[in-house]
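One structure below.
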């Protein structure tokens with residue numbers, strides 16, 4: 001295998017790809033939406049009139065849009081359900097629940113996996129227990145648990161922190177999905193064994209957490225005396241007539257035949273039923289029509305038919321915007337998050353497993369709910385969901401045009417916010433910490449028009465979107481759909497918010513944490529290391545052919561050999577880690593089963609540290625040996641820098657952390 005600087009970077013990119021694909025499993029990936037910031041200020045007389053939202057018009061609209069989208073994206077099947085004024089307006093399945101058997105999607109009975117939309121059931125259960133006086137949103141959760149969260153930042157974690165994703169936990173993906181149902185353990189066992197590090201003070205920095213959600217569900221179990229699966233069946237599924245819904249894994253026998261297959265591409269082979277360890281955070285299987293019962297209940301402030309799931313005041317509290325987010329940007333509610341568009345306030349949740357991808361939108365003031373789910377990743381599934389919601393809103397709830405004047409200090413403001421940013425939802429102390437630097441984004445000031453842009457935020461034309469400042473610290477894309485808002489954190493660093501309120505981007509000021517510096521270090525190191533190994537036998541053959549033996553004493557020869565062995569160890573380390581993470585991504589082996597192999601690689605990594613010292617010694621000695629060729633001395637020096645750089649990289653990014661919670 002030819003290894004170069006580019007190959008070294010591609011190896012790290014493979015690590016990043018795995019981590020981010022796993023990270024967004026069980027994660028809402030909402031479409032790029034427009035915050036409700038200005039429509040209320042516009043004259044209602046000037047508001048454009050959308051199409052009337054009727055079953056006939058909606059059916060024609062969906063039939064013209066959804067089949068085209070799933071065909072283009074190579075998605076096997078999709079389901080859409082819309083409710084209005086407390087009733088089911090329209091529900092339809094598209095494509096297949098099982099491609100090979102040609103089983104069509106049935107909106108009433110076909111089970112999809114809504115992923116993190118499952119969390120809304122956990123949050124609603126919490127609020128029921130708050131109503132009963134058994135839970136307090138602002139109380140230390142340690143008092144509800146039978147294990148202790150270690151103290152940090154002199155502040156306890158509360159249920160409000162959990163429900164606004166501001167616990168301060170770093171990301172964790174280990175055992176989110178399991179290779180075998182036999183490996184599924186009770187959630188209290190998972191919680192004890194997988195507690196992530198706390199990297200932010202609670203209540204300050206939003207950073208989405210599957211772990212914290214699962215902990216909230218466990219608290220419900222403890223105060224209610226019921227297992228979570230039993231709780232949701234008694235308190236939600238039965239009273240809401242949700243007969244095709246379950247959190248149970250494996251599926252109950254009476255529901256197995258209704259389960260849709262899951263795919264990566266609709267043209268590919270189906271994937272096995274996904275086993276979710278953090279079950280309250282993402283194991284729900286439900287039909288679209290059953291999900292409409294859930295939407296109607298929340299749209300009617302806890303009421304469905306004659307059943308009152310939540311008191312109206314509790315539901316309103318749950319749906320209310322929480323403090324801590326910039327004005328004009330989407331904010332967290334209690335569990336739900338804002339997804340407003342075209343001046344219409346919407347809350348909801350998104351959800352993803354490996355195969356299934358879903359969105360739920362609740363337009364509270366319009367009494368409309370939308371559920372969309374697909375059973376395949378597809379080629380551009382995230383764009384499909386975003387496109388669907390945008391077109392739905394533009395057709396039925398169009399935006400009121402407003403004039404947003406520029407800001408006189410736009411040039412200075414753009415320069416002030418320019419820089420490198422890292423997302424708050426990240427691995428920071430564990431072996432996947434390097435994905436943080438690989439996922440960094442740059443904010444660049446454009447002096448030509450005083451806009452800002454990021455090379456990572458592209459429009460449909462493939463070019464970076466430019467954002468114009470419309471008020472102090474708030475920027476809107478020139479196409480009018482996306483927004484950014486810049487504020488300062490507790491120590492005065494710029495922070496920017498997108499329309500995803502469960503995470504923010506923090507500016508990176510340390511050179512050692514910036515992508516460019518790290519790419520140079522690892523690229524240079526792997527290039528020199530690879531060339532050292534590749535040229536080793538080549539040089540030996542040339543010396544043998546021309547009868548030119550090494551002019552080194554025995555000590556120098558030993559050092560030379562040890563440096564080359566260190567280079568081999570470095571490549572073994574990188575290739576081994578990439579292979580292990582690819583194995584995790586494909587779920588071919590359990591995460592726990594990989595622990596021993598990771599520890600063995602970490603031993604190799606530690607040895608590269610000793611090898612780096614030997615490479616430094618070899619370089620110093622070579623310059624003191626007058627018999628050695630100048631180019632050999634230069635190459636020995638480059639080897640020393642490469643070996644030291646490599647070890648610094650794996651040490652700095654916590655590859656050698658023996659605590660394998662990640």
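Every read-out reported here was derived from the displayed coordinates using simple, explicitly stated rules and does not represent laboratory data. Keep in mind that what you see is a predicted model, and the values were worked out from it rather than measured. For neighbour counting, all protein chains shown are included, and Cβ atoms are generated from backbone atoms with ideal geometry for every residue, glycine included.
Odds and ends about this structure:
- Label-to-label distance for residue 510 and residue 241 is 5.8 nm, based on points extended 7 Å past Cα in the beta-carbon direction.
- Stretchable slack from residue 446 to residue 460, in nm (0.36 nm times residue separation minus alpha-carbon distance): 3.0 nm
- Folded to 0 to 90 degrees: helix 5-24 orientation relative to the chain principal axis, Cα: 30
- C-alpha long axis of helix 630-652 to longest principal axis of the chain, angle in °: 30
- Rounded to 5, the percent of DSSP beta bridges in the chain classed as antiparallel: 95
- One decimal place: the segment residue 561-residue 634 gains 24.6 nm when fully extended, by the rule 0.36 nm per residue minus the C-alpha distance.
- Normalised alpha carbon radius of gyration of the chain [divisor 2.2 N^0.38 Å]: 1.06
- Whole-number percent relative contact order across segment 410-509, with pairs defined as alpha carbons under 8 Å at least 6 apart: 24
- Here each label is just a point 7 Å from Cα along the line to Cβ, and for residue 308 and residue 51 those points are 3.9 nm apart.
- Relative to the dominant Cα principal axis of the chain, helix 119-131 is inclined by about 60°.
- Whole-Å distance, taken between Cα centres, linking segment 148-170 and segment 315-363: 21
- Note on residue 572 and residue 613: the model spin-label points, each 7 Å out from Cα along the C-beta direction, lie 1.9 nm apart.
- Over the chain, DSSP H runs of length four or greater, each weighted -39,500 (n - 2.57), average out per residue to a 222 nm ellipticity of -12500 deg cm²/dmol.
- FRET efficiency estimate (nearest 0.05) - Cβ-Cβ, residue 403 to residue 596, R0 60 angstrom: 0.40
- Protection-proxy order for peptides 567-580, 637-650, 57-70, each taking the mean of Cβ atoms within 10 Å per residue, highest first: 637-650, 567-580, 57-70
- Put the Cα centre of segment 247-263 next to the Cα centre of segment 86-123 and the gap is 12 Å.
- Extended-chain gain in nm, criterion 0.36 nm per residue less alpha-carbon gap, residue 230 and residue 147: 27.6 nm
- q = 0.09, 0.22 Å⁻¹: log10 I(q)/I(0) that the Debye formula gives for segment 457-581, counting C-alpha atoms only: -0.56, -1.25
- Segment 31-396, Rg to Rh (Cα coordinates; Rh as Kirkwood inverse mean 1/r): 0.95
- Counting neighbouring beta carbons within 10 Å and listing from fewest to most, the residues 257, 373, 622, 525 come out as 257, 622, 525, 373.
- Whole-number percent relative contact order across the chain, with pairs defined as alpha carbons under 8 Å at least 6 apart: 19
- Across segment 53-169, C-alpha contacts under 8 Å between residues 6 or more apart give a mean separation that, scaled by the residue count, equals a relative contact order of 14 percent.
- Principal semi-axes in Å for segment 410-509 [√(5λ), Cα gyration tensor, largest first]: 23, 16, 12
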